[in-house]
1. For the pair A:Arg65/A:Thr116, report the inter-label distance in nm, with labels modelled 7 Å from Cα in the Cβ direction.
2. Which distance in nm do the two modelled labels at A:Asp205 and B:Glu38 give, with both placed 7 Å along the Cα-to-Cβ direction?
3. Just to check I understand the Karplus step: with θ = phi - 60° and J = 6.51 cos²θ - 1.76 cosθ + 1.60, what whole-Hz values come out for the range A:61-68, glycine and proline as x?
4. Given the convex hull over the Cα atoms of the range A:1-48, what projected area results after averaging over all orientations, in nm²?
5. Averaged across the residues of B:159-170, what count of C-beta atoms belonging to other chains lies within 10 Å of each residue's C-beta?
6. For the pair A:Glu24/B:Ile158, report the inter-label distance in nm, with labels modelled 7 Å from Cα in the Cβ direction.
7. For A:Phe165, which sequence-distant residues (separation of 5 or more, or a different chain) have an amide H within less than 5 Å of its own amide H, given hydrogens modelled in the peptide plane?
Amino acid sequence: MSCENAQELISLLLDGRLPDEERENVVAHAGICRECGTQLAALQTQRAALRKMAQAPVPEPLATRLNVLASHERERQLSRVSIRERARRMAASADLVFQNLMRPVAVPVTGGIFSTLLLFGLMMPNLSFSHTNGGYDFSTAPQGSLVATPWDLGADDDAENFPVFASPDQAKSDYVNIVNLTIDESGRVADWSIVRGQLTDEMKDIIMFSHFEPATFFGIRTQGTIQVWQGLPPCKYAHCSATVRG
Amino acid sequence: MATSILDLSAPKALDGADSDDFGLVESLRTGAAQAYEELLARFQQPVYTLALRLLDDPSESADVVQEVFLKVFRNIGAFRGQSSLKTWIYRITVNEAHNARRWFFRHRRKEVELDSEPDDARNWKDVIPDGCLSPFDAAFEREQHVMIEAALAKLSPIFREAVVLRDITDMSYEEIAEVLGVSLGTVKSRILRGREALRAELAGSLQDRLAPRLVPKTAE
């Protein structure tokens, strides 16, 4: 056997792919030929060294990635195999999307509701609304009444000549002097105008010093008008009152 | 003389493995969790080793392995059992490694790696030495692996695939022919030439290392 033939067969010899007779020839040649023997030994050593490289450890991150990949692909495969599994997977995906959408909103919304309730509960005792309507229903006409005057009405000798208050809606009587007073929200006289006759001293005193309970409209104070009559007859000044038009 | 140290036994029969493969493939098609675990347990290490020896780049190999298993899981329904599961998976691995190598040469050849030592990127558990080996043996083996990896990297991809499949993953000639999609004669030829080329590379690198480097200088 020539060296050229032997060297071509050494590789097959290493892999055990030579018939018995041919194998013996090559081995015998390698035993007597230094060059072929060296080549056989070198290839054996090389092969043994390569065999030791067969166990490269799989990096831990790669193993983890492969497990995750297998898990995902299994889910995918299951969804292809079974309609029920596909529906379950879709429901799980929808649930996940819903959770992801709601979770960032849920905490602020809950906190907002609870803090609103807490603050509103704390403020409630301090919240008060004026519902003064003079004892009348809200739908009735607002009323006002004389609160204070600088004179003592009962002790006045000239009581018969003392002015009386009336609503502008009332029919005009025989009084000589009639004055319209505009009462503001604070109960003061804001303006006046003479309807008939002249402005008497008593009327001036009323304009200057009297304080009225202002008119209200649905419980809210508002501007109103009152008339002052003076100059004639019979009147009981002690219970003068006025109806105020809002 | 040589017969005493040679493993001259015939290649193993694959009948038992084929029946196991059939059951495993069927379980994978039905989505059994155990089948997925078994597939990874059986093949993730050899596939990673094969990819690493073909590419010589741990990060690139990890990407290839991931791509291989993705294809295996996605295409398991198309596996007809005409070849063994192992051959089928190795064939995908070789093709993916081939694609990755082409992509590497097109896109990343000009990149400069900041980390000059690839082992630095590995987990400490991956590089901790085996307690069974003495420090000298470990260092020697490591040095040997580095030399072989460097020599493998210089081989033509065609020969490299044949040598790696035969000598590292220990596949039979018939399996290699199936994996590479070539005839048995071509496999024999590639293995022979690949081994010779590797031996020449290793001999050359050894001579480079052992030869004293004398730099002539003129006397001042």
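1. The answer from the label model is 4.9 nm.
2. 11.9 nm
3. Computed from phi, the couplings for the range A:61-68 are x, 5, 4, 5, 4, 5, 5, 5 Hz.
4. Answer in nm², one decimal: 2.9.
5. What the average comes to for B:159-170 is 3.
6. Taking the two extended label points, one gets 3.7 nm.
7. A:Trp229, A:Ser241
Every number in this text was worked out from the coordinates using simple rules, so none of it is lab data. Remember, it's a predicted structure, so these values are computed and weren't measured experimentally. Virtual Cβ from ideal backbone geometry, glycine too; neighbours counted across all protein chains shown.
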